[in-house]
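Okay, structure first, notes after.
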Amino acid sequence: MKILADENIPQAKEAFSKFGKVMLLHGREITNGQLTDKDALIVRSITNVNEKLLNNTPVKFVGTATIGTDHVDTDFLKSRGIYFADAAGCNSFSVAEYVITAVANIFFHSGKTFAGKRIGIVGYGNIGTKVARFAKALGFEPVINDPPLQRKLVNENFCPLEETLNCDVVTFHVPLNKTGIDKTYHLLNAGNINQIKSGSLLINTSRGPVVDNAALKKRLLANRDIKVVLDVWENEPNIDLELLKLADIGTAHIAGYSLEGKLNGTFYIYKALCKFLKIDPDWTPDYQSIRGKILELNSSNNIEEILSEAFSRIYDIDNDSSQLKRLLNERQINPDKYFDMLRKNYYIRREFNNYSIKLKVRDPNLNKIMNELRFKVI
């Protein structure tokens, strides 16, 4: 086989070389001309896979090492008999950990407590369910909105979008649907953005166009009475720098970029290609185990302070934000190339379950919280 893969898919060469010759290329540089002799295409979210890209090519397998598929014209693939696989769920813990890290960061620096607060979770799939699990452990009451899931699980406790938006934290975990009954394009828009109450925290880690960036910017320019964390943006990589300036935390679409999340994506597509070719898989990713790494925490006053210390030592979300916000001060940087560079050169970030925590105080309830976040308490 001849395979073309996005160069930012980790260990792609190791995973796919057993099938044949692998060519690596930046995802934004993949064109129809490079696919004229390729049998398989493996991409990430920045490559639009459609008739224009694949027409008159021998490609018979397309895989995206991502959880979202809005960049893939699946109807076209189906019409041409092209096998398609995604990596749904591959980085769900990574995104959920990003969200909880952001919540802990904002709450600690705002002097707020978790207990008794409500978190509105829009989208209750692989990521939303994990966010709810983590948030509930911290003392939040999850308020769930997911109309397509509600139609399937009629007896479950779902809420209207309006109620979800009226929570202390509002976080989006939906696919990007541009049309249809479950349209999510500009799900948060000029008509409902003011339903987010003053003092709340808004987080978007799903897809940029789920939130109308112009409407959000207009609200923040009129009154910066809410906190905002954005990992995804409209028109990536050419993001709105004015909105970046207004965001409390702004990052370069890296919420799912833990080492585990990225390698899981590679592994999912590798297994899908094996299935397509009817061969047994015999490769597994090198996760570079650091299990057993112990963090001794000095904080003991409250859960907000303890988590702030733990998270800052495991994943410094403020550093990711400051890296992107360099765009606001160094005008010589090409914004779109810099955005992609931050993603390509992202450092190795590990998920919570790799760490053992030694707490300063002995507290069964605190131990339970840390265990629920997938830490091992020793």
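The values are calculated or read from the model by the stated rules, or taken from the named source; none is laboratory data. The shown structure was predicted, so the numbers you read here are calculated from the model rather than taken from an experiment. Please note: Cβ atoms are built from the backbone with ideal geometry, for glycine as well, and neighbour counts cover all protein chains shown.
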- Query: If we keep just the residues of segment 47-91 that are under 17 Å from Ile269 (Cβ atoms) and of a type in the set (Phe, Trp, Tyr), which is surrounded by the most Cβ atoms within 10 Å (Cβ to Cβ)?
  - Reply: Phe61
- Query: For segment 262-348, list the helices (runs of 4 or more DSSP H) that sit wholly inside it and hold at least 2 residues that are in the same structural domain as Lys60 (by TED's automatic domain parsing), within 19 Å of Asn8 (Cβ to Cβ) and charged (D, E, K, R); which are they?
  - Reply: none
- Filter segment 245-261 for residues that are in contact (Cβ under 8 Å) with a residue 40 or more places away in the chain and in a helix (DSSP H, G or I); the one that is surrounded by the most Cβ atoms within 10 Å (Cβ to Cβ) is Gly261
- Ala5: in a helix (DSSP H, G or I), crowded, with 17+ Cβ neighbours inside 10 Å and under 26 Å from the mean Cα position of the chain (by Cα), yes or no? no
- Query: Applying the selection to segment 347-378, what residues are among the hydroxyl-bearing types (Ser, Thr, Tyr) and either surrounded by fewer than 19 Cβ atoms within 10 Å (Cβ to Cβ) or more than 22 Å from the chain's Cα centre (by Cα) (or both)?
  - Reply: Tyr347, Ser356
- Message: Given the criteria modelled with pLDDT of 95 or more and either acidic (Asp, Glu) or over 18 Å from the mean Cα position of the chain (by Cα) (or both), does Asp318 qualify?
- Response: yes
- Item | Residue among Gly81, Gly68, Gly63 that alone is assigned by TED's automatic domain parsing to the domain that holds Lys13 and at positive phi | Gly81
- Task: For Val131, indicate whether it is among the β-branched types (Val, Ile, Thr), in contact with a His (Cβ under 7 Å, 6 or more places away or on another chain), under 30 Å from Leu221 (Cβ atoms) and not in a strand (DSSP E or B).
- Result: yes
- Report yes if Ile144 is assigned to a strand (DSSP E or B) and under 20 Å from the mean Cα position of the chain (by Cα), otherwise no. yes
